[in-house]
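> So that we are looking at the same thing, I have put the structure below in structure tokens.
The values are calculated or read from the model by the stated rules, or taken from the named source; none is laboratory data. Since the model is a prediction, treat every value here as computed from it, not as a measurement. Glycine also receives a Cβ, built like all others from the backbone with ideal geometry; neighbour counts cover every protein chain displayed.
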Amino acid sequence: MVSEKPFAEFQLECENVLANALEKLFPEIQITHIPLEKPPILELGQLASSLCFELAKQLHEKPLVLAKRLVKSMDEKQFSLIEHVAPAGGGYINFHLNFAKFAALTIESVKQLDEAYGFSKVKEPVKIIVEHTSVNPLHPIHIGQARNPMLGDTIARLLMARGHTVYRHYYIDDVGRQTSVVAYGYDKLGRPKPDTKPDHFIGPIYTITSCLVEINRLKRELNRAKIVQVEDEIIKINRELDEWVSISAELSSKYPQLFEELLNKISEDENPENSINRLNKAYEEGEPKAKSLIRKVSELCFEGFKQTLNRIDVSYDSWDWESDFVLGGHVAEVMQKLKQTPYVFMQTGVWEFNAEDVAQRLNLKTKLGLKEDYTIPSLTLARSDGTTLYTTRDIAYTLWKFKKAQKVINVIGVEQTLAQLQLKIALYALGFHQYADNLVHFAYNLVSLPGYKMSSRRGRYITFDEVMDEAVKRAYDEVSKRSPQLSDAEKRKIADFVGIGAVRYALVEVDPSKPVVFTWDRVLNFETNSAPYIQYTHARACSILRKAAKKSEKTAYTLLKEKIEHEILLSLASFPDTFIEATEYLKPNLIADFANSLADKFNTFYNALPVIKAEPQGLSNARLTLVDAVRIALRNALNLIGIVAPEKM
RNA sequence: GGGCCCGUAGCCCAGUACGGAUUAAGGCGCCGGCCUUCGGAGCCGGAGAACGUGGGUUCAAAUCCCACCGGGCCCGCCA
């Protein structure tokens, strides 16, 4: 017998048995939902119901008495996976598994379904776009931003495994003002060829240019403020200026030559800010020179990004240039349509979108989880020079995405929650209610460095490449220490998947809603609760299977009587349920937890009990099938979060 | 000022959507053990927790409700 969800079979059986007993004993009672949960310890059974505590109120009888009566009236002929049922505690009904049958069902199911085990499919698959990463082409991807592709890619893998058609999209923000800043600096330098990894080459150009332009702007503002003599203003500008000046000192000591060169070139420009704004406007208007410059800089960055992401096995089905939606007229069209709604008004020379009004008229607040008396800020749709703004462009992009898919998941940091809300409300305003309902903002929290926030504008960040390099280097040291006999090539290969796996695991394992402080030992963990630990466990299982002699016919599942064996079986059998939960509620960390916890159990088992040498042969065979099932579940779970499951390491 | 998120051992972190039993689960670090046995990146044991505070609802609260405290994010003609 094979089941896609072995533990769920048991659960269903318990539900039916209990429902039937209830019907027989108290036909007048109507219960829509039968509560069943996992008891805290194995001795109390594998599922338990607290039903009697609720019944007690209606029936004016003690819970334990009710539990006893219900258990007594159960029809044991209906028991298949249930071994026996017992009233317990203050009124629980405990269901005990028939482990002999359950072991056979679980192990056979894992073995038969093999690469598909755990990946329970939805009945009605849909097309889903997962937009993730979308780091701006300004500088290398840093570790804070790296949380995004790790989560996004894992979510995409989960949804695919669930049977959906998933498209992974990268949204290239080449229209933002910052892109013009870096392009301006690059142009001033005479558009040099990179002498290092291209994104690492562009990064300092962006940071220094941005800093110099900022200082230039603040100085001009300061002069203006001095003329009109607004004291508060002067103090505020001075404070900002001081900060940027100290950043510039940092940058000039870090990149003396580049800094000097950019400083000289930019100083020639009377008003760099104006030049940048002009470039930005020219790009939006499709002016060929501007286009070739900005695309060139962006592409250099992406060349680097692709290398980085490739290393960690993240790829995309589509790279979407934001500028295409501006140049193709989509954004203008959206503007036009929005203006036709009653929700757009003119204020101090720019068009504003009144999200609050939409929410009120369409009665959206409760639906969107907002308090009734919270006022949603309005959204500015365009700059006064006619250029577009990010969220407006995103509306056009989102409409385009919904032509290709029924559901859109945007993996974007929490700091953009309001913008994502306004985007959704704009879809309602335009009449696309279904799109709005199926637009999901998957928010994740920030990664900071101890003591301060990461800031790409200030050049304070640790790059994703650095983190991976360090992880691989550390892994190489570990491998050399533990397996000195291996060839250098083998060591490097192992170090690579161990180091990269460790990074990936560390970023997927924490609840996305929690902020993370980056420390090296968070990521460079090779012990319990890390990818290397799970990989090691997997390799260990493979090793046993390699060494085991070809087994004879009989496999005595009934001999799997040890508590730890039962715990492993339960864990294996629940993998599909964990997978479904992780996918439906978008909680990729559940998969990491599952793999780690199964590895823990397996190692305990491994140390306590012999497998190959177990007597009699039937037991040894049964344990071998258990080891094989663990191997399969670990591999499937690791693959789901994009980590290599090695046979040796 | 308003909105949202987070608060669980010295440190990190699960459990909170859907309230349930015993002793609140792990990891790091610390202390003590385990290599003549299938891979020690491992295993076993020990010490370590007012689940931010105070109320409330309930037979039952880390979990639900209210208030407060601490930290973060957002409220831009940035993205």
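> Taking the stretch A:253-266 only, how many residues are in contact (Cβ under 8 Å) with a residue 24 or more places away in the chain and surrounded by fewer than 13 Cβ atoms within 10 Å (Cβ to Cβ)? Give the derivation first.
Let us first name the residues in the stretch A:253-266 that are in contact (Cβ under 8 Å) with a residue 24 or more places away in the chain, namely A:254-255, A:258-259, A:261-263, A:265-266.
From what's left, surrounded by fewer than 13 Cβ atoms within 10 Å (Cβ to Cβ): none.
Total satisfying the criteria: 0.
> Please go through the stretch A:582-603 and give me each residue that is closer than 17 Å to A:A161 by Cβ, among the polar types (S, T, N, Q) and near RNA strand B (Cβ under 10 Å from one of its atoms), ordered by number.
Matches in the stretch A:582-603: A:N589 only.
> Also: So, in the stretch A:529-559, of the ones that are within 14 Å of RNA strand B (Cβ to nearest atom) and either over 28 Å from A:A475 (Cβ atoms) or not assigned by TED's automatic domain parsing to the domain that holds A:A629 (or both), which residue ends up surrounded by the fewest Cβ atoms within 10 Å (Cβ to Cβ)?
Applying the filter and picking the extreme gives A:A549.
> Let me ask something additional. Quick one: in the stretch A:332-380, of everything that is free of Cβ contacts under 8 Å to residues at least 60 places away in the same chain, part of a helix (DSSP H, G or I) and closer than 23 Å to A:E284 by Cβ, which residue is nearest to RNA strand B (Cβ to nearest atom)?
Here is the first cut: in the stretch A:332-380, the residues free of Cβ contacts under 8 Å to residues at least 60 places away in the same chain are A:332, A:335-336, A:339-340, A:342, A:344-352, A:354, A:356-357, A:360-361, A:363, A:365-380.
Then drop every residue that is not part of a helix (DSSP H, G or I), which leaves A:332, A:335-336, A:339-340, A:356-357, A:360-361.
Next, from what is left, pick out any that are closer than 23 Å to A:E284 by Cβ: A:332, A:335-336, A:339-340.
Working: A:A332: 16, A:M335: 14, A:Q336: 19, A:K339: 16, A:Q340: 21 Å.
Once the filter is applied, the top-ranked residue is A:M335.
> Say whether the condition of being farther than 17 Å from A:I643 by Cα, in contact with a strand residue (DSSP E or B) (Cβ under 6 Å, 6 or more places away or on another chain) and either touching a residue at least 24 places away in the same chain (Cβ under 8 Å) or charged (D, E, K, R) (or both) is met by at least one residue in the stretch A:463-474.
There is at least one residue in the stretch A:463-474 that is farther than 17 Å from A:I643 by Cα, in contact with a strand residue (DSSP E or B) (Cβ under 6 Å, 6 or more places away or on another chain) and either touching a residue at least 24 places away in the same chain (Cβ under 8 Å) or charged (D, E, K, R) (or both).
> Condition test on A:P515, is it more than 26 Å from A:A161 (Cα to Cα), outside the structural domain of A:Y444 (by TED's automatic domain parsing) and free of Cβ contacts under 8 Å to residues at least 24 places away in the same chain?
The answer is no for A:P515.
> Just need a number here: residues in the stretch A:108-138 that are in a helix (DSSP H, G or I) and crowded, with 24+ Cβ neighbours inside 10 Å.
The total comes to 1.
> Name the residues in the stretch A:481-495 that are touching a helix residue (DSSP H, G or I) at 6+ places or on another chain (Cβ under 6 Å) and either more than 7 Å from RNA strand B (Cβ to nearest atom) or over 21 Å from A:I534 (Cβ atoms) (or both), would you?
Those that are touching a helix residue (DSSP H, G or I) at 6+ places or on another chain (Cβ under 6 Å) and either more than 7 Å from RNA strand B (Cβ to nearest atom) or over 21 Å from A:I534 (Cβ atoms) (or both): A:K491, A:A495.
> Right, another one. When the residues of the stretch A:612-623 are narrowed to those that are assigned to a helix (DSSP H, G or I) and away from RNA strand B (no atom under 11 Å from the Cβ), which ends up farthest from the chain's Cα centre (by Cα)?
My answer is A:Q617.
> Output the number of the condition that A:R393 fails; it satisfies all remaining conditions of (1) of a type in the set (D, E, K, R); (2) surrounded by fewer than 21 Cβ atoms within 10 Å (Cβ to Cβ); (3) touching an Asp or Glu at 6+ places or on another chain (Cβ under 7 Å).
Result: A:R393 fails condition (2) only.
> Among A:Y428, A:Y461, A:Y435, A:Y476, which is within 12 Å of RNA strand B (Cβ to nearest atom) and either more than 19 Å from A:G152 (Cβ to Cβ) or not aliphatic (A, V, I, L, M) (or both)?
It is A:Y476.
> What residue, among those in the stretch A:403-425 that are in a helix (DSSP H, G or I), hydrophobic (A, V, I, L, M, F, W, C) and buried (at least 19 other Cβ atoms within 10 Å of the Cβ), is farthest from RNA strand B (Cβ to nearest atom)?
The residue in question is A:I425.
> Give A:T133, A:T154, A:T106 a once-over and let me know the one that is under 30 Å from A:L70 (Cα atoms), at pLDDT 95 or above and either not aromatic (F, W, Y) or not assigned by TED's automatic domain parsing to the domain that holds A:I500 (or both).
After ruling out the rest, the residue left standing is A:T106.
> Moving on to the next point. If A:E28 passes every condition in (1) touching a strand residue (DSSP E or B) at 6+ places or on another chain (Cβ under 8 Å); (2) free of Cβ contacts under 8 Å to residues at least 60 places away in the same chain; (3) more than 22 Å from A:F7 (Cα to Cα) but one, which one does it miss?
Unmet condition: (1).
> In addition: Restricting the search to the stretch A:250-304, which residues are farther than 29 Å from A:S384 by Cβ, of a type in the set (S, T, Y) and out of contact with any helix residue (DSSP H, G or I) (no Cβ under 7 Å at 6 or more places or on another chain)?
If the condition is that a residue be farther than 29 Å from A:S384 by Cβ, of a type in the set (S, T, Y) and out of contact with any helix residue (DSSP H, G or I) (no Cβ under 7 Å at 6 or more places or on another chain), then A:S253 is the only one that fits.
> Moving to a separate point now. Out of A:L638, A:L609, A:L634, A:L626, I need the residue that is surrounded by 18 or more Cβ atoms within 10 Å (Cβ to Cβ), closer than 26 Å to A:E562 by Cβ, touching a residue at least 12 places away in the same chain (Cβ under 8 Å) and within 12 Å of RNA strand B (Cβ to nearest atom). Which one? Quick ask: steps written out before the conclusion?
Working: A:L638 fails: within 12 Å of RNA strand B (Cβ to nearest atom); A:L609 fails: surrounded by 18 or more Cβ atoms within 10 Å (Cβ to Cβ); A:L634 fails: within 12 Å of RNA strand B (Cβ to nearest atom).
Testing whether each residue is surrounded by 18 or more Cβ atoms within 10 Å (Cβ to Cβ), closer than 26 Å to A:E562 by Cβ, touching a residue at least 12 places away in the same chain (Cβ under 8 Å) and within 12 Å of RNA strand B (Cβ to nearest atom) leaves just A:L626.
> Name the single residue that is surrounded by the fewest Cβ atoms within 10 Å (Cβ to Cβ) among those in the stretch A:158-177 being part of a helix (DSSP H, G or I) and out of contact with any Ser or Thr (no Cβ under 7 Å at 6 or more places or on another chain).
A:R177
> Would you mind finding the one in A:K57, A:K62, A:K38 that is within 10 Å of RNA strand B (Cβ to nearest atom), basic (K, R), surrounded by 12 or more Cβ atoms within 10 Å (Cβ to Cβ) and free of Cβ contacts under 8 Å to residues at least 40 places away in the same chain?
Result: A:K38 is the single residue among A:K57, A:K62, A:K38 that is within 10 Å of RNA strand B (Cβ to nearest atom), basic (K, R), surrounded by 12 or more Cβ atoms within 10 Å (Cβ to Cβ) and free of Cβ contacts under 8 Å to residues at least 40 places away in the same chain.
> Hey, among A:T391, A:T398, which residue is more than 9 Å from RNA strand B (Cβ to nearest atom) and at pLDDT 90 or above?
A:T398
> Mind checking which pairs have a first residue in the stretch A:284-299 that is farther than 11 Å from A:W321 by Cβ and a second that is among the small types (G, A, S) and part of a helix (DSSP H, G or I), Cβ under 6 Å, 6 or more apart or different chains?
Matching pairs, first to second residue: A:A290/A:A282; A:L293/A:A183; A:V297/A:A183.
> Shifting gears a bit: Being in a loop (DSSP other than H, G, I, E, B) and more than 41 Å from the chain's Cα centre (by Cα) is the requirement here; does A:G90 meet it?
It is true that A:G90 is in a loop (DSSP other than H, G, I, E, B) and more than 41 Å from the chain's Cα centre (by Cα).
> If you go through the stretch A:275-315, how many residues are of a type outside the set (S, T, N, Q) and not in a helix (DSSP H, G or I)?
Adding up the residues that qualify gives 6.
> Go through the stretch A:426-441 residue by residue and tally those that are surrounded by fewer than 19 Cβ atoms within 10 Å (Cβ to Cβ) and either assigned to a loop (DSSP other than H, G, I, E, B) or not assigned by TED's automatic domain parsing to the domain that holds A:G144 (or both). Write out each step before concluding.
Of the residues in the stretch A:426-441, the ones surrounded by fewer than 19 Cβ atoms within 10 Å (Cβ to Cβ) are A:431-434, A:437-438, A:440-441.
Right, trim to either assigned to a loop (DSSP other than H, G, I, E, B) or not assigned by TED's automatic domain parsing to the domain that holds A:G144 (or both) and you get A:431-432, A:438.
Of the residues in that region, 3 qualify.
> Take the residues in the stretch A:518-528 that are under 20 Å from A:Y452 (Cβ atoms) and near RNA strand B (Cβ under 7 Å from one of its atoms); name whichever of them is surrounded by the most Cβ atoms within 10 Å (Cβ to Cβ).
Filtering the stretch A:518-528 for residues that are under 20 Å from A:Y452 (Cβ atoms) and near RNA strand B (Cβ under 7 Å from one of its atoms), the one surrounded by the most Cβ atoms within 10 Å (Cβ to Cβ) comes out as A:R522.
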